[in-house]
Amino acid sequence: MNTFKKLKQFYWSHKRYFFISIIFLIVTTAITLVYPIVLQKTIDDVIIAGKYDFIPFLILAYLTLMVIKGVATYIQQYTGDMFGIIAMYKLRKRLYEKLQFLPFRFYDNAKTGDIMSRLTADVQGFRHFLSYGFTEVIRFILFVGISMIVMFTYSIRLTIVTLFALPFLMVVVHKFDKKVHPAFRKVRQSFGQLNTKVQENVSGIKTVKSLSKEDFEIERFHDFNLDFRDRNIFNSNIWAKYFPLMEFIGNICIIVLLSYGGLLVINNELNPGELVAFYSLTGYIIMPIMNLGFIINMFSQAKASGERLLEILEEPNEIKEKENPIKHIEIKGEVTFNNVSLKYAGDEKAALNNITFSIPSGSVVGLIGATGSGKTSVTQLIPRFYDVTEGEVLIDGINVKDFDFYTLRSQIGFVLQEPFLFSSTIKANIAYGKPDATMEEIMDAAKRADAHNFIMELPEGYDTLLGERGMGLSGGQRQRISIARAICMNPKILILDDATSAVDMETEFAIQQAMQAVMKDRTTFIIAHRISSIKHADQILVFEEGKIVERGVHDELIKNGGPYERIYNIQYQDQVKILQQAVNK
Ligand SMILES: Nc1ncnc2c1ncn2[C@@H]1O[C@H](COP(=O)(O)OP(=O)(O)OP(=O)(O)O)[C@@H](O)[C@H]1O
């Protein structure tokens with residue numbers, strides 16, 4: 001019940017639909033329970049007593065009851081559905097909002113397919129119980145409770161004898177619940193894994209095909225599909241075992257009722273109509289108890305789903321804005337790292353070790369070093385994608401933790417290593433960080449990123465719709481659009497994380513030329529593997545295993561005898577060799 005209590009905020013605020021549904025449920029249940037009584041009166045007081053004049057009135061009474069029941073059922077179902085649907089809407093909304101604000105750390109390990117299945121199937125499972133499960137529980141209580149009262153008024157002895165099997169039925173139902181709940185949780189988990197598999201496969205289909213791993217992937221999917229099938233079979237097995245047992249116990253009740261009740265009628269201790277009414281009422285008790293399986297099933301699904309939803313809703317967010325943060329100020333862009341260390345959650349080794357540097361506003365800093373040496377990690381600490389483990393990161397002398405997220409992040413333009421484009425128009429992609437940008441601003445940003453010419457060659461120009469993740473464009477084109485997006489925001493700090501790695505040397509040169517003007521008055525971090533990308537930087541930081549091992553400007557560093565000179569020699573000697581080979585041909 002704890003799961004339902006924790007999720008109460010999503011359904012209890014519109015409880016009026018629930019109560020209306022319950023009121024009309026009581027009406028329909030009451031009418032259903034009146035049928036056996038009307039039947040008993042028809043047999044005992046009209047047919048056996050030979051008062052046939054009453055029959056037209058009874059027909060009319062039946063008809064009226066049916067019309068009222070029909071209308072009541074409609075209202076009950078509609079409001080019950082509304083109760084579940086509104087909760088589903090609110091839950092999805094909150095989950096989506098939560099996902100937007102969860103830290104990068106969460107996404108480092110999250111699986112897209114699993115998150116998708118939580119937002120779809122699990123929300124649906126929970127909604128199902130709210131719409132139907134709750135009312136079924138109440139219908140159960142009403143049916144069993146009222147039927148028992150009516151039966152007791154007809155014959156106490158027959159009621160007791162008929163219902164002797166009920167405790168057995170209860171025990172079976174209880175055992176069923178104990179087994180079916182964990183089974184359902186596993187079905188849900190397995191569905192999440194299956195979704196993840198499909199999603200990963202579709203996203204990585206090029207890698208799969210390029211390595212001819214289709215059969216391997218089919219095999220792997222087969223394993224997940226098999227697991228999902230087996231878990232469902234296991235679940236069905238529980239059903240198949242317990243349901244006939246419940247039915248068997250119910251049928252014994254009916255046999256006992258008809259044997260003992262028949263005897264009472266023969267001995268004139270019970271009227272025939274009363275026995276018929278008893279038979280119907282017993283059905284009203286046994287059927288709901290057997291249906292309890294369905295209700296428990298629905299409840300188990302909802303509980304399992306609710307738990308999975310709570311896992312997202314209760315996921316801690318360690319990167320928070322402080323109270324009364326600094327807002328609405330324009331930063332200048334001076335960036336300082338003081339003895340900064342960073343250890344990613346779950347990692348033994350620190351990714352950054354005691355990093356200290358200061359970048360004056362408006363200057364360009366180049367970050368170079370082997371892969372995994374910590375360059376990206378440094379830049380991710382500035383907009384607080386992660387928080388430092390030790391030390392502090394300052395912008396204009398203010399700790400980044402003191403800013404509100406919008407003030408901080410809206411003034412930092414990021415061009416990521418793997419640019420992500422949305423499946424909308426090129427125009428919308430460039431203006432993503434500044435939705436009110438004019439067409440002139442968008443085109444200006446594209447020109448600076450050397451993207452304007454190729455965009456104009458596309459049939460729809462800036463209105464060209466991109467496929468998912470920018471499919472339909474080359475890697476270099478995607479990178480240029482993402483550079484244009486960052487420029488369009490007009491940020492004070494610009495971070496280019498290997499931003500020109502996917503473009504050829506000529507395009508890189510063109511972008512660099514255009515960027516000279518863009519970088520003016522902005523602090524720019526350029527992470528690069530090519531020396532050509534950073535050689536004009538005002539300051540170059542050379543990284544090795546999470547530490548800065550060298551710093552200076554290009555002309556000094558190439559004669560320093562350190563790692564920069566080594567990288568320079570490898571890259572430029574190669575070029576000289578290539579040029580010599582070309583001349584010798
Ligand atoms: N999200 C993360 N969770 C855990 N460890 C991480 C994460 N991101 C990076 N690391 C680790 O931190 C170290 C530094 O990685 P980082 O991405 O900063 O290096 P880099 O110099 O930018 O590499 P590259 O040139 O390949 O982009 C590496 O050992 C890496 O495995």
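Computed from the coordinates by the stated procedures, all read-outs in this text should not be read as laboratory data. Since the structure is predicted, the reported quantities are computational estimates derived from the model, not experimental observations. A quick note on method: Cβ atoms are made from the backbone with ideal geometry, for glycine too, and the neighbour counts reach across all protein chains shown.
Assorted remarks:
- Helix 55-101 axis versus longest C-alpha principal axis of the chain: approximately 20°, rounded to the nearest ten.
- Percent of beta bridges antiparallel (DSSP, the chain, rounded to nearest 5): 50
- Under 5 Å from the amide H of Gly369 lie the amide H atoms of Phe543, each residue being 5 or more positions distant or on a separate chain, with H modelled from the backbone and absent for Pro and chain starts.
- In this simple spin-label model, placing a label point 7 Å from the Cα along the Cα-to-Cβ direction at both Asp555 and Ser259 gives a separation of 11.0 nm.
- The length gained by stretching the chain between Val208 and Ile398 to full extension, at 0.36 nm per residue less their Cα-Cα distance, is 63.7 nm.
- Computed log₁₀ I(q)/I(0) - Debye formula, equal Cα scatterers, no solvent, segment 335-553, q 0.11, 0.14 Å⁻¹: -0.53, -0.85
- Unit charges at the beta carbon, dipole of the chain: most positive-side option, Met290, Gln380, Ile412: Met290
- Seen from Asn399, the other residues with C-beta closer than 11 Å to its C-beta sum to a net charge of -1, counting Lys and Arg as +1 and Asp and Glu as -1.
- Straight Cα distances below 19 angstrom link Lys559 to the lysines Lys535, with same-chain residues fewer than 8 positions distant left out.
- Neighbour net charge for Ile289 - beta-carbon separation under 15 angstrom, K R +1, D E -1: -1
- The distance separating the Cα centre of segment 188-220 from that of segment 236-274 comes to 53 Å.
- Per-peptide packing, taken as the mean over residues of other Cβ atoms within 10 Å, places 453-461, 299-307, 167-175, 428-436 in the sequence 299-307, 428-436, 167-175, 453-461 from highest down.
- Simple label model, 7 Å out from Cα along Cβ direction - Asn354 to Asn251, nm: 8.1
- Computed from the alpha carbon atoms alone, the convex hull of segment 2-313 holds 158 Å³ per residue.
- Whether segment 1-133 is rounded, prolate or oblate, judged on the alpha carbon gyration tensor where a/c under 1.5 counts as rounded: prolate
- The C-alpha atoms of the chain occupy a region whose extents along the principal axes are 119, 49, 46 Å, arranged from largest to smallest.
- Evaluated at q = 0.28, 0.30, 0.35 Å⁻¹: base-10 log I(q)/I(0), Debye formula over Cα of segment 433-474: -1.14, -1.17, -1.16
- Segment 199-301 shape via C-alpha gyration tensor axes, a/c threshold 1.5: prolate
- Dimensionless Rg over Rh [segment 141-236; C-alpha; Kirkwood]: 1.41
- Each stretch of four or more DSSP H residues adds -39500 (n - 2.57); spread over every residue of the chain, this sum gives -20500 deg cm²/dmol at 222 nm.
- Cα-based Lys pair tally, segment 97-256, threshold under 20 Å, eight or more apart or on separate chains: 14
- Segment Ser423-Asn453, length gained on full extension (0.36 nm per residue, minus Cα span): 8.7 nm
- Only lysine pairs 8 or more places apart, or on different chains, with alpha-carbon atoms under 25 angstrom apart are counted in segment 1-81, and they number 5.
- Relative to the longest principal axis of the Cα atoms of the chain, the long axis of helix 505-519 makes an angle of roughly 90 degrees.
- Part-to-part distance (alpha-carbon centres) for segment 397-464 and segment 66-100, which is given in Å: 40
- Peptides ranked, highest mean first, by Cβ atoms within 10 Å: ranges 18-28, 518-528: 518-528, 18-28
- Estimated FRET transfer efficiency (Lys547, Ile218; beta-carbon r; R0 51 Å; 0.05): 0.65
- Degrees separating the helix 563-584 axis from the principal Cα axis of the chain, which is the longest one: 70
- Taking every DSSP beta bridge that has both ends in segment 335-553, the antiparallel portion is near 50%.
- Over all directions, the projected convex hull of the C-alpha atoms in segment 60-192 averages 12.1 nm² in area.
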